[in-house]
Structures are given as C-alpha cells and as structure tokens.
1. Could you tell me which numbered condition Glu437 fails, if it satisfies all but one of (1) among the charged types (D, E, K, R); (2) crowded, with 22+ Cβ neighbours inside 10 Å; (3) modelled with pLDDT under 95?
2. Residues in the range 272-329 that are among the β-branched types (Val, Ile, Thr) and either without any contact (Cβ under 8 Å) to a residue 24 or more places away in the chain or surrounded by fewer than 23 Cβ atoms within 10 Å (Cβ to Cβ) (or both): how many?
3. At pLDDT below 85 and not hydroxyl-bearing (Ser, Thr, Tyr): is that true of Gly303 in this structure?
4. How many residues are in a loop (DSSP other than H, G, I, E, B) and surrounded by fewer than 19 Cβ atoms within 10 Å (Cβ to Cβ) if we restrict to the range 360-380?
5. How about the range 580-616: which of its residues are within 19 Å of the chain's Cα centre (by Cα), under 25 Å from Thr529 (Cβ atoms) and in a strand (DSSP E or B)?
6. Among the residues of the range 239-254, is there at least one that is under 26 Å from Ser163 (Cβ atoms), part of a strand (DSSP E or B) and either of a type in the set (Phe, Trp, Tyr) or in the same structural domain as Ser477 (by TED's automatic domain parsing) (or both)?
7. Of everything in the range 386-423, what is of a type in the set (Ser, Thr, Tyr) and in a loop (DSSP other than H, G, I, E, B)? Give them in sequence order.
8. May I ask you to list the residues in the range 281-320 that are in a strand (DSSP E or B) and under 23 Å from the mean Cα position of the chain (by Cα)?
Amino acid sequence: MPGSGVLRRVRGDGDEGMALVLVVGSMLVLAMLAFTALAFTMASQRFARYDQDYTSAMSAAQSGVDDYISRLNRSEAYTTIIDCANPAMKGPTTATNTCGWNASTTPGWSPVDGTRTGEMDAFFHYTVDASRVTTEGTVTLTVTGRANGEYRTIEAAVGKGGSTDYVYYTDFESADPSNVQAYPSGTSAACGGSGYDAAKYWWEGRSGAGCSEITFASGDTLQGSVFSNDSVLAAGPTFTDGFLTANPECHNVTTSTSSSNWKWCLRNTSGTYSTANFNGVLPQYHDPLYLDDTSAAFAGFPGCHYVGSTRIVFNSDGTMTVWNKTVNNGGTAPTASGANGGTAPSCGSLAQLDSASGATVSVPTDLVIYVGAAPSTVDRRKCYSGEIGGATGATLPLGTYKSTTPATPVQSTAPYTYDTNMNEATKYCAEGNVYVEGVLKGRVTVAAAQSVVVTGDIVLAGGLTGTDMLGLVATNSVEAFHPWVATYSPGKVNSWCSSNCAYKWVESTSSTSNSSAWPRQYNDPTGATSVSGLQIMGSIQTLQHSFYVQKYKEGASLGLLQVNGSIAQRWRGIVGTGSGAVSSTGYLKNYVYDTRLKYAAPPYFPRWVNAQWSQRYFGEITTPTEVRG
C-alpha cells in the first residue's frame, strides 16, 4: 500500500541457473576424459601384456635350446635316446620307444622356471632330429616357447666346433719333421725329431733349433678366420676376417682402436716382429684348440672301402671312376673274410677296378670313401708306371719304371724314368694312398690311412651355394700333386772302380722335369671361380702331418693354390718358395672360407678334442599346429 513503508523484492530474469549447467557439464567432460584415459590405459595394458608374452615365448624357446645343449654336454649319447623323464621331449612320434609315446601323444611342456608352473608362466617343448649327427655333425632342434597363450617356435642347429670353424688352422708353424724335403738331413728334438710329443711351440724353445720355419708371403690371402696354436711368421700376407692365436704375447693386444700393437700376435724374431694386413679386424688371443686323431675310425665308417693305392676321378653326374689293382689287395680274389690276405673292395668289382677303364660307381653320398693299407703279406714295392690307373695318357705313376726293371743294374742296363715322389716308402703300392680329382656331385669325405694326393682340380657340381660338399682327411698328409720325373741310369757304386764294377741306380738331375699336363684342370660348372693353378673346393684335415705341395722347391712358379673350404693340419705345410707377390717355385695361396661350414661339415668330419656342443644357427619358423593348445 502506498505510504506503508514496506519494501518489496521484485524477481528479475537473472542467469543464476547457468552456473549449475556449467558445473554439471564440466563434470561430464572430466568424466569422459577420465573414461577415455582409463580405456586407453586398459588397451595399453593389453598391448603391453601381449608384447610381454610374445617376447617371453621367444625367451622360453631359447631356454629349450639351452636345456637340450646342457643335456648333450653331460652325455653325448643323448642324441640317440628318447628320454621318458623329460616332459619337453614328450610328443607325437612314430618311432619305436619305451615311453609308450605314439602318433597321438599330446606334446609335453617343461617350465622355464621349475617353481612357476601356472598357465600364465613360460614353458618350452622340443622335437629332435639327430639323423645327421654322424654325417654332418649337427642335431636339428625345433623348439616352441609358450607364455600365457602365446607361442613362438625356432629351428636351431646344434653341433660341436671343429677345424671347419676356420679357413686355416695349424698346431705347429714349423714344417713337419717327417717331411724329407724340408729336412733332408733329419730334425732336432725341438722340431719333433725325437717324436711329436717333443715338439715345442715357438716360445718354448724352438728358436735357433734349425727347424724349417714357414712364412706367409705378401701375395698370400686368407679370406676367413685364421687360428694357430703357435706363433705365426709372416711377411705381409692379408688376413681378411679375423686372426686368433695361442701365442702368449697376443695378450698384449688390448685395444681395437690402434693397430700399432697388433704385431704382438705375430712372430718376433731377434727383436723384429712379423707383418700382416689384418684388414682392420683386431687379432686376438685364444686358448689352444687341438685336433682329434680319429683316423683309425674311418676304416669302420660306412661307404666305399679299398686297400692299396687307389685312383678316383669324380664325374659331374654323381658317379666316380675308380682304379684299384687286384695285386694290391693281396691276391687274385681277396674276400671280406681275409682270403688271399686282403679284403674285397665294397664299390665296384675286382675285374672292373683292375681294368684300363676302371669301375664307375655312384658316389656314396653322406658316407665316406676310405683307402687303407694292404695286409702285411702284400709285397711293399714301388708302383709300376701306369699301375694306379686312369684314362689313356693319364695313368699314374709317370715314367717308364716297370716290373722287369732290375733292382740292381749292370753297366748295360737301359735307363728308366720315374716320378721322384713315388720313391718314398709311404707311396709304395700296398700303402693306403688315394689319388683324387674331378667334379663332385654329392656329399662325401675321402680318407686315407696314408695320404690323399690331389692330382687335379676338385670342384663341386653345384658350386659353393649348392648341397655338394667334400672332406679330405689323411692320417699322413694331404698333398698337391707335383710330379718331378727323373731319369735313372746305372752308376758305379765305387767311382774308383775300373773293371768288374758294381752298379746302382743313380738319379740324373740334369734330366729332371715336371709334367705340364699335371695337375689336371676341371672347370667349375657354376662359373663362380676360375683358377690358374690348382683349385680344391673342400675341407682338408691332416690328423698327424701336413697339407703341402710335392717337390715344392722344384721348377718354376705354378700359379695360385686356391682352397674354397677350410684347412687344418698338425704341422705347417709348404706350398712354395719366394717372398714376393709371385712365388719362385710352387704356389701362392688364396684360401677362401666356405660359409656353409658354419652350419654343417662333410660326413664324419673330425671335431676338436675339447669341443663342446653349442648352437650353430637358429631362425624363427611358424609354430606347428599340433603343438598349440
């Protein structure tokens, strides 16, 4: 009412409700952000968990490889058994076993950590293929790792280390004390003259003992890792891929940033160190490695077996032509039971082997070719010219020496010619020597109770990337054939004699010459390599002696000796003379590692004495369906 004095509040159109809207909206936005972050976090956790499980599955698979290797190093026989107590090995199999496992057996799993056996924990399962352990020296493992429902599988090759790990291995760097060309007057004890156990490494007292020390020349190239138990004498060779030695001075090499002290890994003679091009790869000290002399075992390995001097030419179609004289086997019809003093050859008939054309038989792939000595009842004599066999114009030995040549001549006896290498008693016809050349299709190791003599190129039909593989193993030596034919004439036993004189055969050095037709040449079918000299695609191992060139001091330069594979020897072998980029006599060296040897070796190839089983290679493969849960 007018004049009453009472004030009234009038409600206006204000925005007080907007605050509530803003508050509620902000809360909704914040909630949405929180839910988004939560969703992202949960998704990330799933991805992180998957990544963790995926990685754990691979680690579990590697644990399976390590588990099997540890069992092998405890017992070599583990390659041949099915272990019923090992759950990781349990699985479907058609092989006869005492575990009761069959084609429907459910795969078993071993926990990586024996105390953690929940479903989310890591496990491994493996299958073993040991079918190549005696031939290639490897076991193939297929190992699956499992972690929280994730599976990953790797295939690994497990093997023992051997000389095929290196392109070149030597125990002693001096010449073999039994090499009459290196030591025509004999050797001192320090060089092994009184037995191999008396031999010394360079730092143990061989210096000044008159040993024949061999030098790597400036024109020599070794492509692959090199290993020596001794101290290497070098004058500028190239080692492209690593150099290891048991030379104690090599401990002084402590840095890879400076090559000024790398010389300590080489020979120090009278205060002057040897020189080499290490191609920027640090040389290193390594504990000694020793060859296992398993030469006697080759006589019991399966394949083709012969006795007495044997000639083999490999043919590119997977066959080989073999010559072997019946008389070298102890009689006209030797048998496996020993009749007539010998044993029958296992590949090719006696009539074929003794013929001019020889016996053409299949290469015993994944097995061995072994040539042993004839029984003691067989006459130890020189081989007559052409007796070892071969194609027309390519028979061995070279020369005119024959069965009617008298042991003691008279003045009127006609001269004869003969390869001087064949005068050595170890080359007599009843001894276990094999002469080999040609194009090999297959995988085989050629072994001999005496020496393996390479009479020409040996190349692989499939080249260095195929499946063909060659091993050459000799109890005595592996020799590059270098015939040195001399004329032998009657000469007086006593030069002062004037009548009724006694005569002997005397070598006329003025008429001595090598044959230009040898060694025989074969083309590499793949065209990958071409060598003017001698080429060998294979792994060479001499278990007691050396790899060397016959009559390496004689004649002119022979070009290049190329080995695509590996070389291992007890004593350093001499292949030529000279100090420059061109040899004065014999060959320069070009040794190239066959990288396939990292994963496999030729059949029945020897291993290190102190070798341990280890993983040679591995790769991931698709997990087999039958292994998944």
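1. (3)
2. Residues meeting the conditions: 8.
3. No, not satisfied.
4. 6
5. Lys589, Asn590, Tyr591, Val592, Tyr593
6. yes
7. Thr392, Thr395, Thr400, Tyr401, Ser403, Thr404, Thr405, Thr408, Ser412, Thr413
8. Gln284, Tyr285, Leu291, Gly303, Cys304, His305, Ile312, Val313, Phe314, Met320
The values are calculated or read from the model by the stated rules, or taken from the named source; none is laboratory data. The shown structure was predicted, so the numbers you read here are calculated from the model rather than taken from an experiment. Every residue, glycine among them, receives a Cβ derived from its backbone with ideal geometry; neighbour counts consider all protein chains shown.
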